[in-house]
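Colleague: Sharing a structure with you now.
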Amino acid sequence: YLTVSMEPLPPVVVGDSVTLKCNFKTDGRMREIVWYRVTEGGTIRQKIFTFDAMFSTNYSHMENYRKREELVYQSTMRLPEVRISDSGPYECHVGIYDRAAREKVVLASGSVLLNVMAPPTSISVVAADTPAPFSRYQAQNFTLVCVVAGGKPAPLVYFKRDGEPIEATPLPEPPSSSSGGGGGDSDGDGDLLEDRAPRNLLHRDLDDTKVPKPLWAAEEEAQGRRPPGTVEPPRGLAAERGPATEAIPETVVSREFPRWVHVAEPIYYVRHAQVPISDGTVEARATLTWTLNPQIDNEALFSCEVKHPALSMPMQAEVTLVAPKGPKITMTPTRARVGDTVRILVQGFQNEVFPEPLFTWTRVGSRLLDGSAEHDGKELVLERVPAELNGSMYRCTAQNPLGSTDTHTRLIVFENPNIPRGTEDSDGSVSSRCSFRLALALTLTVILELT
């Protein structure tokens, strides 16, 4: 008589110690107990523990079988600091000697499934398709991507705005293209967004989008205190209407918002995806897409939270959408001389900026030194500056989908004592004027000799 049963195991977390318990009842004499780990879908059994009663005295009391009775036994096996790879079925095989034929062994077995969970190891929130420009006259779809790695099983991922859960419409289909942030259809959801969400973008033929409107005028129209199209400011803001005098350095932060903006609750769309990782965990990605409204989305706090059975409390990562303001620009060398290489660099901002800004450099009233109209990047390099650039003005435009800001800086070029005055032209070579005078003198000498 022999029966074997395994005690079920609750899910355990990576790093825990686990004890597997095998209970069996018998009235016969013990032969052996063998533990197996089952792999490859049940095709391979790896022996991990053996107890041989023939060579052990642990059960010497079983030798007297004059009075047969049912005995209950338990075999335990401890797995210290389990890993993901330890997940799977385990079997306990028990053998006893048959009463009729002592050389014959009766076998019975039981199995249990070990489920090892792993909490997520990292969580981050990024903006898709950035850096991207700011658009004053066209609505843009904006996408946040939450990446959660290292979890098993896949975690539950959801978004919050200013601490409140976001009710989003799920998008089960995979994206066909990706062009968010730049005014296009982010993650290929443009058609679906347009079909399922009310249009917030007015037809340009019916709207004066090309005419900038200050914030105070838009607010008064929304409150019904001013008819549309009237742009006369109140007395307290009269100074804002006149032309501003340019100061050096200067930061210009626009208070105007796009004319297509309507103060309304945004409609969110969410998509979830899971990518298996070689170590048995998964990488979960959740994307949140909506039509960006700079008027209400600027300085909005978005968070991605994760619930997982291996976590005692949710993990979270958060970002605040902020338009760039007040770029801090440095110029090296601080005292540039003719022939030096000058580097103008954006070191930071007066505020935290998200998503990453797009930087564009231009020269006011002219082209850059290399002949191009503009340059992209945080740094502008001017090779071998000539004296003619003294006093030239450079504009750095920093923008993200929430807004833009301009900062100007003036280049002052001093004389270089190592280069004689007047011997440098705009490209740092010998003056063309001197070359012309020398050629003219040689020509006159030849003419006089011929005469």
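The values are calculated or read from the model by the stated rules, or taken from the named source; none is laboratory data. Here the structure is a predicted model, which means the values were calculated and not measured. A quick note on method: Cβ atoms are made from the backbone with ideal geometry, for glycine too, and the neighbour counts reach across all protein chains shown. Surface areas here come from the heavy atoms of the whole protein model, side chains and all, with no ligands, DNA or RNA. Shrake-Rupley method; radii C 1.70, N 1.55, O 1.52, S 1.80 Å.
Colleague: What number comes out for the charge environment of SER17, summing +1 per Lys or Arg and -1 per Asp or Glu over other residues with Cβ under 14 Å away? Numbers along the way, then the final one.
Modeller: Details: positive: LYS21, ARG78, ARG83; negative: ASP16, GLU81, ASP86.
With Lys, Arg at +1 and Asp, Glu at -1, the neighbours total 0.
Colleague: Let me ask something additional. Note the direction-averaged projected area, equal to a quarter of the hull surface, for the Cα convex hull of the range 328-414, in nm². Mind dumping the intermediate values first?
Modeller: On the way: hull surface 21.8 nm².
Averaged projected area of the range 328-414's Cα convex hull equals 5.5 nm².
Colleague: While we're on this one: Counting Lys and Arg as +1 and Asp and Glu as -1, what is the net charge of the other residues whose Cβ lies under 10 Å from the Cβ of ALA300?
Modeller: Working: positive: ARG161; negative: ASP162, ASP297, GLU299.
After counting each charged neighbour, the total is -2.
Colleague: So, one more: Ordering ARG335, ARG285 from largest to smallest accessible area (1.4 angstrom probe), what's the sequence? Intermediate values should be presented prior to the final figure.
Modeller: Numbers: ARG335 145, ARG285 100 Å².
Solvent-accessible surface, decreasing: ARG335, ARG285.
Colleague: Evaluate E = 1/(1 + (r/R0)^6) for GLU379 and ASP16, where r is the Cβ-Cβ distance and R0 equals 45 Å; express this FRET efficiency to the nearest 0.05. Spell out each step's value before the answer.
Modeller: Numbers: r = 51 Å, r/R0 = 1.13.
E between GLU379 and ASP16, to the nearest 0.05, is 0.30.
Colleague: Could you tell me the accessible area of GLU318 in Å² (1.4 Å probe, neighbours in place), rounded to the nearest ten?
Modeller: Estimated to the nearest 10 Å², GLU318 gives 100 Å².
Colleague: Residues with beta-carbon under 12 Å from that of TRP35, excluding TRP35: net charge, scoring Lys, Arg +1 and Asp, Glu -1?
Modeller: Values: positive: LYS21, ARG37, ARG45, LYS47, ARG78; negative: GLU32, GLU91.
So the environment of TRP35 carries a net charge of +3.
Colleague: Starting from the Cα gyration tensor of the range 87-180, take the square roots of the eigenvalues, sort them a ≥ b ≥ c, and report rounded, prolate or oblate (rounded when a/c is under 1.5, otherwise prolate if a/b is larger than b/c, else oblate).
Modeller: Details: a/c = 5.02, a/b = 4.39, b/c = 1.14.
The shape class here is prolate.
Colleague: Do any of LYS25/LYS104; LYS160/LYS328; LYS21/LYS307; LYS160/LYS378; LYS47/LYS307 go past 27 Å between their Cα atoms, and which? Write out the running numbers ahead of the final one.
Modeller: On the way: LYS25/LYS104 18 Å; LYS160/LYS328 32 Å; LYS21/LYS307 31 Å; LYS160/LYS378 32 Å; LYS47/LYS307 37 Å.
Over 27 Å apart, Cα to Cα: LYS160/LYS328; LYS21/LYS307; LYS160/LYS378; LYS47/LYS307.
Colleague: What figure, in Å² to the nearest 10, do you get for the accessible area of ASP376 with a 1.4 Å probe and non-protein molecules left out?
Modeller: Here the residue's solvent-accessible area equals roughly 90 Å².
Colleague: What's the ranking of 42-53, 303-314 by average number of surrounding C-beta atoms within 10 Å, highest first?
Modeller: Details: 42-53: 12.5, 303-314: 16.3.
Ranking, from highest mean packing down: 303-314, 42-53.
Colleague: Would you mind computing, in nm to one decimal, how far apart the modelled labels at ASN418 and ILE296 are, each placed 7 Å from Cα along Cα→Cβ?
Modeller: 6.1
Colleague: For SER5, SER392, what's the largest-to-smallest order of accessible area, 1.4 Å probe? Display every interim value, and only then the final one.
Modeller: Details: SER5 60, SER392 10 Å².
Listed by decreasing accessible area, they come as SER5, SER392.
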